[in-house]
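Have a look at the structure below before the remarks.
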Amino acid sequence: MASENQKDHLIQFGKHLASLRKNKNLSYRKLAQNCDIDHADIRKYEKGEQNMTFLTMVEYAKGLGISLKDLLDF
């Protein structure tokens with residue numbers, strides 16, 4: 001089980017993910033079409049409910065058309 005500090009990190013990262021997606025004017029479904037991630041999982045990541053794997057981060061960055069470094073810069 002994640003500690004409160006870990007949950008806070010997931011929530012902050014999720015807010016960053018949502019901001020990146022919205023800045024590109026992408027819906028959950030459109031982002032999902034751009035990468036190999038289900039739209040329901042994208043929602044969970046953005047709400048900080050689910051921890052991403054490294055490979056999912058790579059796909060998310062690909063779907064947004066940004067570098068992995070930019071994805072992690074929050």
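The values are calculated or read from the model by the stated rules, or taken from the named source; none is laboratory data. Please read these numbers as outputs of a predicted model, since none were measured by experiment. Note: ideal-geometry Cβ built from the backbone for every residue, glycine included; neighbour counts use all protein chains shown.
Can you tell me which residues in region 20-74 are polar (S, T, N, Q) and farther than 24 Å from residue 8 by Cβ?
If the condition is that a residue be polar (S, T, N, Q) and farther than 24 Å from residue 8 by Cβ, then 25, 27, 33, 34, 67 are the ones that fit.
Taking region 32-57 as the region of interest, how many residues are assigned to a helix (DSSP H, G or I) and under 10 Å from the mean Cα position of the chain (by Cα)?
Residues in region 32-57 being assigned to a helix (DSSP H, G or I) and under 10 Å from the mean Cα position of the chain (by Cα): 8 in total.
Could you give every pair whose Cβ atoms fall below 8 Å, whose first residue belongs to region 11-24 and is of a type in the set (S, T, N, Q), and whose second residue is surrounded by fewer than 16 Cβ atoms within 10 Å (Cβ to Cβ) and at pLDDT 95 or above, counting only separations of at least 6 or pairs across chains?
Between residues of region 11-24 that are of a type in the set (S, T, N, Q) and residues that are surrounded by fewer than 16 Cβ atoms within 10 Å (Cβ to Cβ) and at pLDDT 95 or above, there is no close pair.
Please go through region 51-60 and pick out each residue that is surrounded by 15 or more Cβ atoms within 10 Å (Cβ to Cβ) and out of contact with any Asp or Glu (no Cβ under 7 Å at 6 or more places or on another chain).
Correct list: 52, 56, 57, 58, 60.
Among the residues of region 58-69, what is the count of those that are touching a residue at least 40 places away in the same chain (Cβ under 8 Å) and more than 10 Å from the chain's Cα centre (by Cα)?
Qualifying residue count, region 58-69: 2.
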